[in-house]
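Report on the structure given below.
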Amino acid sequence: VGGREVGDAYQSALDMILANPALSKFKYLLTIEHDNLIPFMPNTMGPLITLYENMDKYDVIGGLYRLKGEPPIPLIYGDPKEKRKSVAGMFKVRYDWKPGDVVECNGLGMGFTLFKMDIFRDKRLTKPFFKTQTEHTESGPALMTQDLYFFQKIRELGYRVAVDTRVNLAHMDLATGNVY
């Protein structure tokens, strides 16, 4: 879905999928963003199957990529064991992993991410599922990207989320050509 704000684009795409009699019955949804470079993984079945290998344990699992910038920060947010209440604590950047780990977390980027479609059929999950939050609340500014907005909602419902660091993506700044 082009030409829209990212939260609205994700919500519109998902609404179209759920309204389609054939697509709405699929078991999984894979999101791929245009600025992520998907790795060739020799001696494997590929990055999608690598993510799928852990779908029996998690409801959402994505590949590892980093924020565009220096230093390139890994998009692995929050430790579910910490039970933090604040959004800032819930989405604290994780560095306590090593390459090859599957890291359970509270949130991640959606650049190459596999979702169980049952999440979107869960009546407890209210719309919008995706929203870029820029409101100002009584306690201060409420700023959150569409991915973390979604992950906060599903983590509160008990869904499990992880990053599989074996799927190591590159994240390209399309304006400069820099890759992180």
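The values are calculated or read from the model by the stated rules, or taken from the named source; none is laboratory data. Nothing here was measured: the structure is a model prediction, and the numbers come from that model. Neighbour counts run over all protein chains shown; Cβ positions are idealised from the backbone, glycine included. Only protein heavy atoms, including side chains, enter the accessible area calculation; ligands, DNA and RNA are left aside. Shrake-Rupley method; radii C 1.70, N 1.55, O 1.52, S 1.80 Å.
Can you tell me which residue in the stretch 161-180 is farthest from Phe112 (Cα to Cα), limited to those that are among the β-branched types (Val, Ile, Thr) and part of a strand (DSSP E or B)? Steps first, please.
Taking the stretch 161-180 as the starting set, the residues that turn out to be among the β-branched types (Val, Ile, Thr) are 161, 163, 165, 167, 176, 179.
Remaining after also requiring part of a strand (DSSP E or B): 161, 163, 165, 167, 179.
Working: Val161: 13, Val163: 10, Thr165: 12, Val167: 9, Val179: 16 Å.
Only one residue tops the list, namely Val179.
The criterion of being at pLDDT 95 or above, closer than 25 Å to His34 by Cβ and outside any loop (DSSP other than H, G, I, E, B) does not hold for Phe129. Restricting attention to the stretch 135-180, the residues that are of a type in the set (A, V, I, L, M, F, W, C), farther than 24 Å from Tyr58 by Cα and modelled with pLDDT of 95 or more total 4. Inspection of the stretch 9-28 finds a residue satisfying the criterion of being modelled with pLDDT of 95 or more and in a strand (DSSP E or B). Tell me, please, whether a residue that is of a type outside the set (Lys, Arg) and part of a strand (DSSP E or B) can be found in the stretch 79-92. Scanning the stretch 79-92 turns up no residue that is of a type outside the set (Lys, Arg) and part of a strand (DSSP E or B). When the stretch 2-28 is filtered for residues that are within 20 Å of Thr126 (Cβ to Cβ) and open to solvent by 60 Å² or more (accessible area, probe 1.4 Å), the ones remaining, listed by number, are Glu5, Val6, Asp8, Met16, Ala19. How do the pairs read when you match residues in the stretch 50-75 that are under 26 Å from Arg121 (Cβ atoms) and in contact (Cβ under 8 Å) with a residue 60 or more places away in the chain with residues anywhere that are open to solvent by 20 Å² or more (accessible area, probe 1.4 Å) and aromatic (Phe, Trp, Tyr), using Cβ under 8 Å and keeping only pairs 6 or more apart or on different chains? From residues that are under 26 Å from Arg121 (Cβ atoms) and in contact (Cβ under 8 Å) with a residue 60 or more places away in the chain, the pairs are Tyr52/Tyr28; Met55/Tyr28; Asp59/Tyr159; Val60/Tyr159. Inclusion of Gly7 among residues that are closer than 19 Å to Asp147 by Cβ, among the small types (Gly, Ala, Ser) and touching a residue at least 40 places away in the same chain (Cβ under 8 Å) is warranted. The residue of the stretch 54-81 that is modelled with the lowest pLDDT, among those that are farther than 23 Å from His171 by Cβ and open to solvent by 90 Å² or more (accessible area, probe 1.4 Å), is Lys81. Screening the stretch 29-53 for residues that are assigned to a helix (DSSP H, G or I) and not hydrophobic (A, V, I, L, M, F, W, C) and picking the one that is surrounded by the fewest Cβ atoms within 10 Å (Cβ to Cβ) gives Tyr52.
Name every residue in the stretch 93-114 that is over 20 Å from Pro39 (Cβ atoms), out of contact with any Pro (no Cβ under 9 Å at 6 or more places or on another chain) and crowded, with 18+ Cβ neighbours inside 10 Å, in order of residue number. Listed by number, the list holds a single entry, Gly107.
In the stretch 115-124, which residue that is open to solvent by 40 Å² or more (accessible area, probe 1.4 Å) and not in a helix (DSSP H, G or I) is nearest to Thr50 (Cα to Cα)? Among those residues, the one meeting the criterion is Lys116.
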